[in-house]
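**Q** For reference, the structure I am asking about is given below.
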Amino acid sequence: MHEPQEPPGGIHPLLAGRFSPSRFDPSAAVDDRTLGLLLEAARWAPSAGNSQPWSFFTGRPGEPEHQRLLPHLAPGSARWAVDAGLLLVTLTRRHVDDTELLYSEFADYDLGQAVAHLTFQAQALGLAVHQFRAFDLEGLTEELAPAPGWAIVSMAAVGRAVGGPPKARERHSVARLRSGPWPPSA
Ligand SMILES: Cc1cc2nc3c(=O)[nH]c(=O)nc-3n(C[C@H](O)[C@H](O)[C@H](O)COP(=O)(O)O)c2cc1C
């Protein structure tokens, strides 16, 4: 089902060269300008009805915000995330204030797209992004206390990668993308 492969030639080098590093260079700081550009990239992503249902909590080594995030990393992500020049928490606005009313049915979809834009801006700046769910969601939600209607979705480590991607990477085939989950027509 999964096919080990390298990204082929022909797709954009920023896409082909992207991977989620499991080592970051601890000496590579993310400066204010870079952080600003990453957030600009997210800001200009499309969203349903231009609802922009995203927010980012950021912390860089040495900042008090970084100290607030570290205790909530799971051991698996802490191994590499602590060395990244930037940690991000991604939040989405799912509901209108503290009601059950959906703010946008596409809130999580739109957040993912904004993170993708941020990821390729990072790549263009010579940085890499490793998104992750390996953190204590409950503890981090208590720590950051997002506004009503907002929910933490994921975290991401951003920094200069040490080493390259794993040799064999697995992806479904393009044919499978198109064959689809729908039943054959009669
Ligand atoms: C929403 C999301 C959650 C993820 N959670 C984790 C995680 O908890 N730990 C981890 O090591 N990688 C995590 N990843 C990274 C994926 O494992 C990785 O993107 C996938 O294996 C493909 O590898 P590549 O990004 O190097 O192409 C996550 C990625 C996404 C988008």
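The values are calculated or read from the model by the stated rules, or taken from the named source; none is laboratory data. All values reported here derive from a predicted model rather than from experimental measurement. All Cβ positions, glycine included, derive from the backbone under ideal geometry; neighbour counts span all protein chains shown. In case anyone asks, the SASA skips ligands and DNA or RNA and just uses the protein heavy atoms, side chains included. Shrake-Rupley method; radii C 1.70, N 1.55, O 1.52, S 1.80 Å.
**Q** How large is the Rg to Rh ratio of the stretch 23-163 when both quantities use alpha carbon positions and Rh follows Kirkwood? Each step should come with its number before you reach the end.
**A** Numbers: Rg = 14.7 Å, Rh = 15.3 Å.
The Rg/Rh ratio comes out at 0.97.
**Q** Also: Over the stretch 1-71, with the other protein chains present, what is the accessible area per residue in square angstrom, probe 1.4 angstrom? Working shown, then result.
**A** On the way: 4400 Å² over 71 residues.
For the stretch 1-71, the solvent-accessible area averages 62 Å² per residue.
**Q** With runs of 4+ DSSP H residues as the only contributors, calculate the mean residue ellipticity of the chain at 222 nm using -39,500 (n - 2.57) per run, divided by the residue total and rounded to the nearest 500.
**A** Working: 7 runs with 61 residues, N = 186.
Calculated from helices alone, the mean residue ellipticity at 222 nm is -9000 deg cm²/dmol.
**Q** Just the number, please: carbon plus sulfur as a percent of the accessible area of the chain, 1.4 Å probe, no ligands or DNA/RNA counted.
**A** Values: 6020 of 10910 Å².
With neighbouring chains kept in place, the figure for the chain is 55 percent.
**Q** As I understand it, the dipole of the stretch 9-69 uses +1 on the Cβ of Lys and Arg and -1 on the Cβ of Asp and Glu, about the Cα centre. Which of Phe24, Thr58, Gly10 lies farthest toward its positive end?
**A** It is Gly10.
**Q** Can you pull the accessible area of Val82 for me, 1.4 Å probe, Å² to the nearest 10?
**A** 60 Å²
**Q** Let me check something: with ligands and nucleic acids excluded, how do Trp44, Trp54, Trp150, Trp182 order by accessible area (1.4 Å probe), largest to smallest? Write down the numbers at each step before the final one.
**A** Values: Trp44 180, Trp54 30, Trp150 70, Trp182 150 Å².
The residues order as Trp44, Trp182, Trp150, Trp54, largest area first.
**Q** Once you list every other residue whose beta carbon is under 9 Å from the beta carbon of Glu6, what net charge do they have if Lys and Arg are +1 and Asp and Glu are -1?
**A** Working: positive: Lys167, Arg169; negative: none.
Neighbourhood net charge equals +2.
**Q** Charges at C-beta only: +1 for Lys and Arg, -1 for Asp and Glu. How large is the resulting dipole of the chain about its Cα centre, in Debye rounded to 20?
**A** Working: 16 positive and 20 negative charges, 173 e Å.
Charge dipole, the chain, about its Cα centre: 840 debye, nearest 20.
**Q** What residue among Ala107, Ala175, Ala124 has the largest mean-square fluctuation in a Gaussian network model of the chain, using Cα springs under 10 Å?
**A** Ranking Ala107, Ala175, Ala124 by mean-square fluctuation puts Ala175 first.
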